[in-house]
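Only one structure is covered here, and it is reproduced in the block below.
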Amino acid sequence: MSTYMANPEKIERKWYVIDAEGMVLGRLASETAKILRGKNKPVFTPNVDTGDYVIIVNADKIKVTGKKMLQKKYYNHSDYVGGMRVTSLAEMMQKKPEKVVELAVKGMLPKGPLGRKMIKKLHIYVGPEHKQQAQQPELLTF
């Protein structure tokens, strides 16, 4: 008996739509990362990208628990002396709510070339409309 190893050319990928309205950010990110990674499939192989495509709509309507809206900070540095910019979650939700979801999911994926390949299968939109109608995505709820 031999162990099954997934072949990247033979993997069938599906498209899923997730409505983020009213969902908690961390729970949404962990479920999305699981689908992007392929852990929900029986053919999961750790060193192969076996995941599906995910479209997240209504990214501006997510919730966070506790005082995270004021206390959570995002750090960005320009590599120059004194070049650190700090942004709170509340500011980020006003300017780029899709970036908040993307960073949360990206942090839960593997680091390195495999994780960078997986994050490209994530599409995030602020409103209820998306551009991937031709792929006929399935609505996913959890």
query: Which condition number does V43 fail, the rest of (1) of a type in the set (A, V, I, L, M, F, W, C); (2) surrounded by 13 or more Cβ atoms within 10 Å (Cβ to Cβ); (3) modelled with pLDDT of 95 or more being met?
result: (3)
- request: Please find, within segment 47-64, the residue that is modelled with the highest pLDDT out of those that are open to solvent by 80 Å² or more (accessible area, probe 1.4 Å) and out of contact with any strand residue (DSSP E or B) (no Cβ under 7 Å at 6 or more places or on another chain).
  value: K61
query: What is the residue count in segment 4-28 for residues that are assigned to a strand (DSSP E or B) and either touching a Lys or Arg at 6+ places or on another chain (Cβ under 6 Å) or open to solvent by 30 Å² or more (accessible area, probe 1.4 Å) (or both)?
result: 3
message: Under 8 Å between Cβ atoms, which residue pairs at least 6 apart in sequence (or on different chains) link something in segment 129-141 that is more than 16 Å from D52 (Cα to Cα) with a partner that is of a type in the set (V, I, T) and open to solvent by less than 80 Å² (accessible area, probe 1.4 Å)?
response: E129/V57; H130/V17; H130/I55; H130/V57
- prompt: Here are some residues: A104, A33. Which one is in contact (Cβ under 8 Å) with a residue 40 or more places away in the chain and either under 21 Å from E138 (Cβ atoms) or among the polar types (S, T, N, Q) (or both)?
  reply: A33
field: Positions within segment 97-142 being closer than 18 Å to I11 by Cβ and touching a Phe, Trp or Tyr at 6+ places or on another chain (Cβ under 9 Å), in sequence order
entry: K121, L122, Q135, P137, E138
field: Matching residues in segment 65-103 - criterion: being open to solvent by less than 80 Å² (accessible area, probe 1.4 Å), of a type in the set (S, T, N, Q) and closer than 22 Å to S30 by Cβ
entry: T65
- prompt: Which one of these is over 15 Å from the mean Cα position of the chain (by Cα) and basic (K, R): K68, K39, K34?
  reply: K68
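The values are calculated or read from the model by the stated rules, or taken from the named source; none is laboratory data. Quick caveat: nothing in here was measured; it's all calculated off a predicted structure. Every residue, glycine among them, receives a Cβ derived from its backbone with ideal geometry; neighbour counts consider all protein chains shown. Ligands, DNA and RNA are stripped out before the accessible areas are found, and what is left, the full protein with its side chains, is counted by its heavy atoms. Shrake-Rupley method; radii C 1.70, N 1.55, O 1.52, S 1.80 Å.
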